[in-house]
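Down below is the structure, laid out as structure tokens.
The values are calculated or read from the model by the stated rules, or taken from the named source; none is laboratory data. Note that this is a predicted model, so its numbers are computed, not measured. Cβ atoms come from the backbone with ideal geometry, glycine included; neighbour counts cover every protein chain shown.
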Amino acid sequence: MVRERILKAVLVVIGLLFAAAVYPMTMFFAKQPGLAMMLSVYATLGVFLLIASRRPSAHRSLIAFTAWSSLAHGGLMGAQAYRGVIERTELTGVAGFLVIGLALVALAPAPEAATAPAR
């Protein structure tokens, strides 16, 4: 019960954080269209995380997608920063995505037990 409450709170915080990407998306729309496109995906994901916060167990796949895509995004950014493809100041974002991914993996709802068919 406590774990579910924590998960709901985490989903609300991450959902609001991702949904807040709408504002910078409008600023980068013309200057960096690729970044604006990525922010639109995160803003949309944020809205769905807010919806999932009501009943996390009904949205396991969305939570898993958010967790693993955040870990993949953070890992790729970390590798890019290490190789000098992006600035090292981006390591703050790396840490953020890794924390989000790890938190959601740790708090993800357990799969529902399969029921045996009646005979």
Q. Is it true that some residue in the range 94-114 is more than 17 Å from Leu7 (Cβ to Cβ), surrounded by fewer than 14 Cβ atoms within 10 Å (Cβ to Cβ) and either touching a residue at least 12 places away in the same chain (Cβ under 8 Å) or touching a Gly at 6+ places or on another chain (Cβ under 7 Å) (or both)?
A. yes
By residue number, the members of the range 43-67 that are more than 16 Å from Ala19 (Cα to Cα) and either without any contact (Cβ under 8 Å) to a residue 24 or more places away in the chain or more than 16 Å from the chain's Cα centre (by Cα) (or both) are Arg54, Arg55, Ser57, Ala58, His59, Ser61, Phe65
Could you say whether any residue in the range 73-87 is exposed (fewer than 14 other Cβ atoms within 10 Å of the Cβ) and on the phi > 0 side of the Ramachandran plot? yes
Within the range 5-31, of all residues that are part of a helix (DSSP H, G or I) and of a type in the set (Lys, Arg), the one farthest from Ala67 (Cα to Cα) is Arg5
Residue hits (the range 81-112; modelled with pLDDT of 95 or more, touching a Phe, Trp or Tyr at 6+ places or on another chain (Cβ under 9 Å) and over 22 Å from Arg54 (Cα atoms)) are none
Condition set among the β-branched types (Val, Ile, Thr) and surrounded by 14 or more Cβ atoms within 10 Å (Cβ to Cβ), scope the range 14-42, selection nearest to the chain's Cα centre (by Cα): answer is Ile14
*asked:* Quick check on Ser70: is it part of a helix (DSSP H, G or I), over 27 Å from Val2 (Cα atoms), touching a residue at least 12 places away in the same chain (Cβ under 8 Å) and out of contact with any His (no Cβ under 7 Å at 6 or more places or on another chain)?
replied: no
(1) within 24 Å of Leu11 (Cβ to Cβ); (2) touching a helix residue (DSSP H, G or I) at 6+ places or on another chain (Cβ under 8 Å); (3) assigned to a helix (DSSP H, G or I) all hold for Val99 apart from (2)
